[in-house]
Amino acid sequence: MQSYAKKAEKSKSGGRRSVAGRIPLCFCMLLGLLAVGRSQSTIVSTASDDIHFGIQAGGGVHTTYPAKGTPWTFGKPKTKVGFSGSAFFEWDFAESRQWFLHLELGVGSATLRAKGHSADTAYGDFEIKADYIDLVPAVGVGYRFWPRTSTMNLTLLGCVVGNFPSNRGSEPYISINRQNVLDQPWLNSMGLRLECGLHYAFACIALRYEHELLTVMRVAGQKFTMGHFEFLLRFTIF
């Protein structure tokens, strides 16, 4: 039975890796096609000059923060690598074309890891390993240091972000006192995001940090939240 369980777990983890692996590949292909198209032709848009659309992709690190005040004591927060991609709309609502509204819908892979222990033998050790796909809508307001018509620009962006995790049928590994726990611990969450972007023509390099204010996962009274630091390559299509 143990060998069968190990094989099943390997199969599930392999499936998670394959799903997560497709995310950066698909978005890199989209970004490459967009860059070639922009370099060879002029994109004619029927939309208003104040409304813009684009796509972005990148990677980053995801850090797990266990809540305090529970029977378990955890070590340093654990950090893992993940990938993300999204599409966005921006509307220049100010006459100066420096203030803009930002709407975004993204998807990404994330990893949650934590190990804890308790002096109380009734609780014992705690371990969790979870790889999941996250659906991430965001809305925020940004500021350009120069009008959008400038070839080079610097932007600051603040967003309220929703997080809707999905394990895609793969169960997270949860162990309490060395006993496997069968649970559905995922919770929808919300966070705040800060971003700085360096723009040149239709391309942008962005750095962002997002911290989830609400619990992402809860098991046996133990809560977890996460922080995300990401590097993104962005292209504005029109």
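How are the Cα pair distances of region 181-238 distributed, in percent, across 5 Å bins from 0?
Bins of 5 Å from zero give 4, 16, 19, 14, 13, 11, 9, 7, 4, 2, 0 percent of pairs.
Starting from the Cα gyration tensor of region 59-144, take the square roots of the eigenvalues, sort them a ≥ b ≥ c, and report rounded, prolate or oblate (rounded when a/c is under 1.5, otherwise prolate if a/b is larger than b/c, else oblate). Don't skip to the end; give the middle numbers.
Values: a/c = 4.16, a/b = 2.76, b/c = 1.51.
It comes out prolate by the Cα gyration axes.
Determine the order of LYS76, LYS115 by accessible area, beginning with the largest, at a probe radius of 1.4 Å.
These residues rank, largest area first, as LYS76, LYS115.
What accessible area, in Å² to the nearest ten, does a 1.4 Å probe give for VAL141?
Using a 1.4 Å probe on the heavy atoms, I get roughly 70 Å².
What whole number of Å gives the distance from the Cα centroid of region 145-216 to the Cα centroid of region 70-97?
2
Stretched out fully, how many nm does the piece from TRP99 to LYS76 gain, at 0.36 nm a residue minus the Cα gap?
4.3 nm
The values are calculated or read from the model by the stated rules, or taken from the named source; none is laboratory data. Quantities reported herein were computed from a predicted structural model and do not represent experimental measurements. Surface accessibility is based on the protein's heavy atoms, side chains included, excluding ligands, DNA and RNA. Shrake-Rupley method; radii C 1.70, N 1.55, O 1.52, S 1.80 Å.
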